[in-house]
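Undergrad: I'd like to ask you about the structure that follows.
Please treat every number below as a calculation from the coordinates, not as lab data. Nothing here was measured: the structure is a model prediction, and the numbers come from that model. Note that we place each Cβ from the backbone using ideal geometry, even for glycine, and neighbour counts take in every protein chain shown.
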Amino acid sequence: MANRRRIVVVEDEGPIRRGVVDMLTMAGYEPVEAADGAAGLAEARRVGVDLVLLDLRLPKLDGLEVLAELKTTHPGLPVIILTARGSEDDRVKGLKGGADDYVVKPFSARELLARIEAVLRRSAERPSVVRRIVCDGNEIDFERREILFADETKTQLSEMEASILTHLAANSERVVSRDELLSCVWGISGERLETRAVDMHITRLRGKLSPPEQESKVDWVVTVRGKGYMLGREVTTEVAGAPE
Ligand code: CA
């Protein structure tokens with residue numbers, strides 16, 4: 001099936017996670033597994049994710065923290081929380097935290113799939129957070145991961161490059177530090193951070209955004225000394241449909 005919907009399954013209990021993954025695969029979805037909160041957050045922030053199934057009791061990063069982080073950077077991304085029977089408190093906190101719906105463990109494939117379909121149907125009516133950024137007749141289409149230059153030539157962005165740009169675009173009003181990019185785009189935190197890796201990716205990204213054969217020399221990504229990076233002032237971000 002072309003263009004299968006990608007669903008990130010964040011669940012630390014292996015048998016449950018694998019059960020959900022099987023249900024999703026059989027139903028024609030493309031599941032991505034994550035066994036703890038930090039990995040789940042990193043996977044959920046990748047380009048092309050359609051929905052997140054999020055357990056709340058997770059190692060490394062608690063499910064509610066994952067939810068809060070996601071709602072900051074990807075407010076339009078649908079999240080369904082997985083809660084244990086009887087934990088009404090969790091359910092309420094999850095829904096207050098911006099989850100779209102919940103299912104109570106143990107659940108049947110039928111129930112889970114019905115919830116997913118309903119949430120996807122609703123979210124289809126609100127476009128994803130950052131769709132395009134535009135500058136000086138050039139644009140970046142995040143759904144296709146393409147730079148479209150004013151002269152109609154195109155360049156493909158890697159998933160990493162697109163993730164960096166979406167993160168900068170989603171936070172275009174402020175400077176994003178290298179550490180934040182590492183933890184949000186690469187999912188690395190708490191350990192010794194290799195921030196030079198970020199600089200190398202940015203350099204390569206700039207090379208793609210402003211190749212020598214293009215006349216327009218747009219500052220897509222600006223370096224803020226000692227602080228990090230941000231989107232250039234002339235870049236317009238088309239942010240649509242962030243939920244209330
Ligand atoms: Ca758990």
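Undergrad: Of the GluC sites (Glu not before Pro) in the range 68-177, which ones lie in a loop per DSSP and count no more than 12 other C-beta atoms within 10 Å?
TA: Counting only loop positions with at most 12 other Cβ atoms within 10 Å, the GluC sites (Glu not before Pro) in the range 68-177 are 125, 143, 152, 173.
Undergrad: Pick from 67, 54, 182: which residue has the top mean-square fluctuation in a GNM of the chain where Cα pairs under 10 Å get a spring?
TA: Result for the chain, Cα springs under 10 Å: 182 fluctuates most.
Undergrad: I've got another one for you. Please work out the FRET efficiency for the pair residue 225 and residue 200, using the Cβ-Cβ distance as r and a Förster radius of 30 Å; give the result to the nearest 0.05.
TA: That pair, residue 225 with residue 200, gives E of 0.95.
Undergrad: Under a 10 Å cutoff between Cα atoms, tell me which one of 132, 196, 206 has the largest fluctuation in the Gaussian network model of the chain.
TA: 196
Undergrad: At a threshold of 8 angstrom on Cα-Cα distance, excluding pairs fewer than six apart, so keeping six or more, what relative contact order does the range 130-239 reach in percent?
TA: Normalised by residue count, the contact order of the range 130-239 is 32 percent.
Undergrad: Now for a different question. If you restrict to DSSP beta bridges whose two residues both lie in the range 71-203, what percentage is antiparallel, to the nearest 5?
TA: Taking every DSSP beta bridge with both residues in the range 71-203, the antiparallel ones total about 65 percent.
Undergrad: Further question: For the residue pair residue 57 and residue 117, what label-to-label distance in nm results when each label sits 7 Å from Cα along the Cα-to-beta-carbon direction?
TA: 3.1
Undergrad: Right, another one. Using the number of other C-beta atoms within 10 angstrom as an exposure proxy, rank 179, 89 with the fewest first.
TA: 89, 179
Undergrad: Let me ask you something else. Relative to the longest principal Cα axis of the chain, at what angle does helix 14-26 sit, 0 to 90 degrees, rounded to 10?
TA: Between the helix axis and the principal axis of the chain, the angle is about 70 degrees.
Undergrad: To the nearest 20 debye, what charge dipole does the chain have about its Cα centre, counting +1 at the Cβ of each Lys and Arg and -1 at the Cβ of each Asp and Glu?
TA: With Lys and Arg at +1 and Asp and Glu at -1, about 160 debye.
Undergrad: Please list the three semi-axes, largest first and in whole Å, of the ellipsoid equivalent to the range 1-159, using sqrt of 5 times the eigenvalues of its alpha carbon gyration tensor.
TA: Over the Cα atoms of the range 1-159, the semi-axes work out to 31, 17, 14 Å.
Undergrad: With a cut-off of 8 Å between alpha carbons and a minimum separation of six or more residues, what is the relative contact order of the range 6-124 in percent?
TA: It rounds to 22 percent for the range 6-124.
Undergrad: Classify the range 102-181 as rounded, prolate or oblate, taking a ≥ b ≥ c as the square roots of the eigenvalues of its Cα gyration tensor: rounded when a/c is under 1.5, otherwise prolate if a/b is larger than b/c and oblate if not.
TA: prolate
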